[in-house]
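**Student:** Supplied in structure tokens, the structure appears directly below.
The values are calculated or read from the model by the stated rules, or taken from the named source; none is laboratory data. Everything quoted here is computed from the prediction, not taken from an experiment. When we count neighbours, we look across all protein chains shown, and the Cβ atoms used for this are built from the backbone with ideal geometry, even at glycine.
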Amino acid sequence: MSKESHHSLDEVHESINTTSQKSLWKRILSFFGPAYLISVGYMDPGNWATDIAGGSQFGYSLLWVLLMSNIMALLLQSLSARLGIVRGKDLAQASKESYPKFINYILYFLAEIAIAATDLAEVLGMAIGLQLLFDIPLLWGVCFTMLDTFLLLFLINKGIRKMEAFIIALISIIGLSFLFEMFFAKPDFTAVASGLIPSIPDSDALYIAIGIIGATVMPHNLYLHSSLVQTRKFNRDFKSIKQAIKYNLIDSTIALNLAFFVNAAILILAAATFYKNGMFQIAEIQDAHKLLAPLLGSKWAPILFALALIAAGQSSTVTGTLAGHIVMEGYLNLRIQPWVRRIITRILAIVPAVLTILILGEGATGKLLVFSQVILSLQLGFAVIPLIHFVSNKKLMGKFAIKTPIKIISWIIALVIISLNIKLVYNEVSKWLLTSQHPLWIWVVIIPLAIGAIALLFYILFYPTHKERKEKHVPHIDKVQFNKLPTAHDYTNIAIAIDFSEADKKGIDMALKLGKNNAEYTLIHIVETAGALIYGKEINDHEAATDKEYLESYQKILIAQGYKVDIKLDFGSPKKQIPKIINNGNYNLLIMGTHGHEFFKDLIFGTTIDKVRHRVKTPVLIVK
């Protein structure tokens with residue numbers, strides 16, 4: 001059901017009053033919570049798959065990717081929180097205001113893909129955790145995850161604080177589990193420190209590294225954070241807004257560093273157990289769980305591992321559903337019952353999981369998890385670019401627009417993410433072309449989609465700047481001095497562009513209505529044959545002679561009706577020659593007919609009108 005909504009997540013909007021807290025510490029603590037809901041997305045089962053794959057295949061060498069991802073995540077999440085605090089809008093709502101409707105539909109679709117990929121990782125993670133702990137078939141575990149659909153409804157009815165407490169409890173289980181795991185694994189801390197030096201061993205490492213970035217910096221979290229910060233009620237004066245930004249930054253720093261600890265612990269655990277023992281191909285969570293007990297010499301290691309996995313999956317499913325509500329309401333202004341939204345999101349995740357297990361077997365779930373994180377990384381640019389634009393806009397953010405150094409760092413992060421994704425897509429498509437027995441579908445489907453995605457990235461990158469420039473040239477209505485509107489007597493010298501089509505009649509009719517018998521009319525035609533483009537006025541071909549005859553026939557008909565008519569025949573490109581004639585003459589008005597070409601026809605036939613109207617000083621009237 002659609003309805004107008006002014007606030008993101010109406011049920012809990014400004015439900016926590018921070019203004020009533022007198023103590024400084026209580027006021028700070030009243031802002032704490034949103035970042036913990038965000039942080040669970042940084043330690044969900046998708047992260048586990050990429051961290052285990054990275055640690056077992058490349059040891060500690062990709063640890064720096066986790067650190068870099070965490071720094072990137074901290075900056076981007078702080079920008080997301082700033083947007084929600086200052087403007088009182090989430091990222092989806094801000095995008096809807098700034099981009100054309102068609103582009104917003106595409107951005108919404110991409111955001112839904114990201115949320116489905118997130119939920120896929122959570123479904124698989126929960127199912128795997130249940131299988132490891134209770135020894136039930138993976139397919140049953142996947143189906144069982146449908147039952148947690150109503151958990152979110154229960155939590156949100158209890159209030160945002162209860163939900164935050166539930167999430168923090170699950171995070172505590174994950175953190176404590178891996179604290180003990182580190183105690184059992186006894187990693188080489190000198191080797192751990194060497195892993196913080198940047199290096200990419202090979203193309204497989206690049207794939208895993210991009211998966212780690214996708215699993216860490218998650219698109220749906222940028223939408224979610226900009227909404228969750230609005231659950232706090234505070235005064236809207238400069239000091240209070242600045243204070244809210246500061247306290248939320250502290251909240252984000254603590255929460256995301258805890259998430260970094262968990263991710264680093266998983267990768268270090270994989271490196272210290274599997275890579276160290278020559279088990280380089282351990283990418284499946286099930287294999288990791290199976291080998292922990294014999295390698296670490298403790299029966300508690302696999303139990304803690306499974307418990308942490310269930311906690312990660314369950315906590316992430318709550319935040320993923322909230323993000324789904326936010327993007328649907330923000331982009332489409334569509335509000336549906338929470339349980340309906342939850343079921344839709346979960347079905348979109350369960351279907352590919354079930355099909356993968358049925359067709360490829362349980363052993364393929366690890367690859368599906370890593371793939372889901374790569375999909376998330378590919379979606380990142382479409383959320384990051386608008387976010388940076390919005391928080392950089394001084395007109396919308398006022399004094400809270402980000403400063404130039406932060407802006408530069410933010411764009412560097414966006415460039416890194418997009419460059420890595422383009423490199424990944426290029427590598428994968430090249431592999432498919434070499435190995436596929438039917439490469440035609442790659443050329444017909446995959447490559448056009450990749451090109452379209454790059455084109456969309458450039459569009460959302462440059463559109464806000466273009467829009468801002470246009471708005472700068474719009475005068476304020478109260479400062480404009482309106483002159484008397486022109487009458488027929490003001491149009492004494494009218495030029496009409498002629499191309500011997502149906503548009504001519506409409507153009508001439510409009511000119512005669514405006515100028516009547518008082519004006520002088522000039523019919524302009526440009527011969528644009530290949531010869532005319534090369535030789536100009538020296539051309540003497542059949543088309544030039546015929547065009548001259550047609551132009552003269554127009555002139556005779558109009559003169560016979562009592563009008564003063566001159567003609568000008570020129571040669572070459574109409575885009576260049578028409579402006580030359582107009583700018584060298586003393587014309588009050590230029591009338592041009594349009595054929596009603598749309599986007600694709602314009603690409604083929606060109607757009608003469610746009611070029612002409614930008615090059616002439618005389619007013620241009622376009623008649624369709």
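**Student:** Any residue in region 400-427 that is closer than 27 Å to residue 442 by Cβ and in contact (Cβ under 8 Å) with a residue 40 or more places away in the chain sitting within a Cβ distance under 9 Å of a residue that is exposed (fewer than 11 other Cβ atoms within 10 Å of the Cβ) and among the hydroxyl-bearing types (Ser, Thr, Tyr)? List the pairs, counting only those 6 or more apart or interchain.
**Tutor:** none
**Student:** Shifting gears a bit: Which of the residues that make up region 548-575 are touching a helix residue (DSSP H, G or I) at 6+ places or on another chain (Cβ under 8 Å) and part of a helix (DSSP H, G or I)?
**Tutor:** 554, 558, 574, 575
Rundown of residues vs (1) closer than 30 Å to residue 83 by Cα; (2) surrounded by fewer than 21 Cβ atoms within 10 Å (Cβ to Cβ); (3) at pLDDT 70 or above, yes/no style:
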| position | (1), (2), (3) |
| --- | --- |
| 252 | yes, no, yes |
| 264 | yes, no, yes |
| 268 | no, no, yes |
| 275 | no, no, yes |
| 278 | no, yes, yes |
| 283 | no, no, no |
| 291 | no, yes, no |
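**Student:** Kindly evaluate residue 156 against the criterion of being modelled with pLDDT of 90 or more and not small (Gly, Ala, Ser).
**Tutor:** It is false that residue 156 is modelled with pLDDT of 90 or more and not small (Gly, Ala, Ser).
**Student:** Another question, then. Pairs only if they're at least six apart or on different chains, beta carbon under 9 angstrom, first in region 308-331 and acidic (Asp, Glu), second modelled with pLDDT under 80 and not in a helix (DSSP H, G or I); list them, first residue then second.
**Tutor:** That search, which allows pairs on different chains as well, returns 329/5; 329/8; 329/9; 329/335.
**Student:** Pairs, please: C-beta under 9 Å, at least 6 apart or cross-chain, first residue within 15 Å of residue 587 (Cα to Cα) and in region 494-517, second among the basic types (Lys, Arg) and not in a loop (DSSP other than H, G, I, E, B)?
**Tutor:** As it stands, the answer is 495/568, since those pairs meet every condition given.
**Student:** Using the structure shown, decide if residue 520 is modelled with pLDDT of 85 or more and either in the same structural domain as residue 577 (by TED's automatic domain parsing) or surrounded by 12 or more Cβ atoms within 10 Å (Cβ to Cβ) (or both).
**Tutor:** It is true that residue 520 is modelled with pLDDT of 85 or more and either in the same structural domain as residue 577 (by TED's automatic domain parsing) or surrounded by 12 or more Cβ atoms within 10 Å (Cβ to Cβ) (or both).
**Student:** Of the conditions (1) in a loop (DSSP other than H, G, I, E, B); (2) more than 25 Å from residue 210 (Cβ to Cβ); (3) not hydrophobic (A, V, I, L, M, F, W, C), residue 84 satisfies every one except a single condition; which number is it?
**Tutor:** Every condition holds for residue 84 apart from (1).
**Student:** Still on this model: If we scan region 114-131, do we find a residue that is part of a helix (DSSP H, G or I), free of Cβ contacts under 8 Å to residues at least 12 places away in the same chain and closer than 24 Å to residue 302 by Cβ?
**Tutor:** No, region 114-131 contains no residue that is part of a helix (DSSP H, G or I), free of Cβ contacts under 8 Å to residues at least 12 places away in the same chain and closer than 24 Å to residue 302 by Cβ.
**Student:** While we're looking at this one, here's another question. Tell me the residue from 395, 367, 399 that is modelled with pLDDT under 75 and either surrounded by fewer than 21 Cβ atoms within 10 Å (Cβ to Cβ) or under 25 Å from residue 94 (Cβ atoms) (or both), please.
**Tutor:** Checking each option against the conditions leaves just 367.
**Student:** Hey, another quick one. Restricting attention to region 91-115, which residues are buried (at least 24 other Cβ atoms within 10 Å of the Cβ) and within 16 Å of residue 41 (Cβ to Cβ)?
**Tutor:** Passing the criteria: 91, 111, 114, 115.
**Student:** Follow-up. Here is a list of conditions, (1) crowded, with 17+ Cβ neighbours inside 10 Å; (2) of a type in the set (S, T, N, Q); (3) modelled with pLDDT of 75 or more, and residue 199 meets all of them except one; can you say which number that is?
**Tutor:** Against the list (1) crowded, with 17+ Cβ neighbours inside 10 Å; (2) of a type in the set (S, T, N, Q); (3) modelled with pLDDT of 75 or more, residue 199 comes up short only on (1).
**Student:** I'd like to check which helices (runs of 4 or more DSSP H) are fully inside region 14-73 and have at least 1 residues that are at pLDDT 85 or above.
**Tutor:** Of the helices (runs of 4 or more DSSP H) lying wholly inside region 14-73, those with at least 1 residues that are at pLDDT 85 or above span 45-58.
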